[in-house]
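Data first, discussion second: the structure below is written as structure tokens.
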């Protein structure tokens, strides 16, 4: 049994995805009328747990699909980790299942603008092959899995990254890291570490020289914006 934790736009995309695969699903949200419910008003609500987080359902659950609005220290997730229940994000599922080339972009500022600009350029270059912009920019990534496309340009927020463990992609881009979302991530050091996840499993990583120099782990596949031809490892 899968549990969708949080039922906004991402939660609704989880349910559409799981229904196509005929996977038994529970839905949980602390709100009585979460926004994702509007699309599924005609469904039997027997498997919907709304108005509170209910830990008692975890004995039925094999995998939790977590929405970005759910905090890392949510009580359901804390108990799920203790029980060894698998926790996945929509970004992780997409990266596993999509056959497209993936370009992941995050940063405190400019994510949407850069994703839109890169998408526009790539669409003009690859006219005969589909290029799609998705993720935090608007369209949930799982809603694009039914389409065949050549390149996926994905905007990823720190809320997505916080829950994700592995993000294998062709290119990962960290635009910048500044003080933000500290009410959620507690400290700037933790926020920065979360943002840096986008560079850990990519074939090629791009970031500013300043951000790369302060990372704990530097590898030869990481490049600076200042010099895209020379690995940072050779510069320091």
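Please treat every number below as a calculation from the coordinates, not as lab data. Please read all numbers here as calculations on a predicted model, not as lab measurements. Using ideal geometry, Cβ is built from the backbone for each residue, glycine included, and neighbour counts are taken over all protein chains shown.
The listed peptides 83-90, 105-112, ordered by packing as a protection proxy, come out as 105-112, 83-90 (highest mean of other Cβ atoms within 10 Å first). For the stretch 2-88, the relative contact order comes to 35 percent (Cα pairs under 8 Å, sequence separation of at least 6). The length gained by stretching the chain between residue 60 and residue 47 to full extension, at 0.36 nm per residue less their Cα-Cα distance, is 3.5 nm.
Take every pair of alpha-carbon atoms less than 8 Å apart whose residues are at least six positions apart; their mean separation over the length of the chain yields a relative contact order of 16 percent. With neighbours defined as other Cβ atoms within 10 Å of a residue's Cβ, the residues 184, 127 order from fewest to most as 127, 184. Once the Cβ-Cβ distance of residue 147 and residue 203 is raised to the sixth power relative to R0 = 25 Å, the FRET efficiency obtained is 0.60. Please state, rounded to one decimal and in Å, the Kirkwood hydrodynamic radius that the chain gives when every pair of distinct Cα atoms enters the mean of 1/r. The Cα-based Kirkwood calculation yields 18.8 Å. Between the stretch 100-175 and the stretch 178-194, the alpha-carbon centres lie 22 Å apart.
Packing order of peptides 145-153, 30-38, highest average first: 145-153, 30-38 (average count of other Cβ atoms within 10 Å over each peptide's residues). The overall shape of the stretch 2-88, judged from the alpha-carbon gyration tensor, is prolate: a/c is not under 1.5, and a/b is greater than b/c. Each of the peptides 131-141, 187-197, 42-52 was scored by the mean count of other Cβ atoms within 10 Å over its residues; in descending order, highest first, they stand as 131-141, 187-197, 42-52. Of the beta bridges in the chain, as assigned by DSSP with both residues counted there, near 5 percent are antiparallel. Residue separation times 0.36 nm, minus the C-alpha to C-alpha distance between residue 127 and residue 21: what's the value? So the extension gain works out to 35.0 nm.
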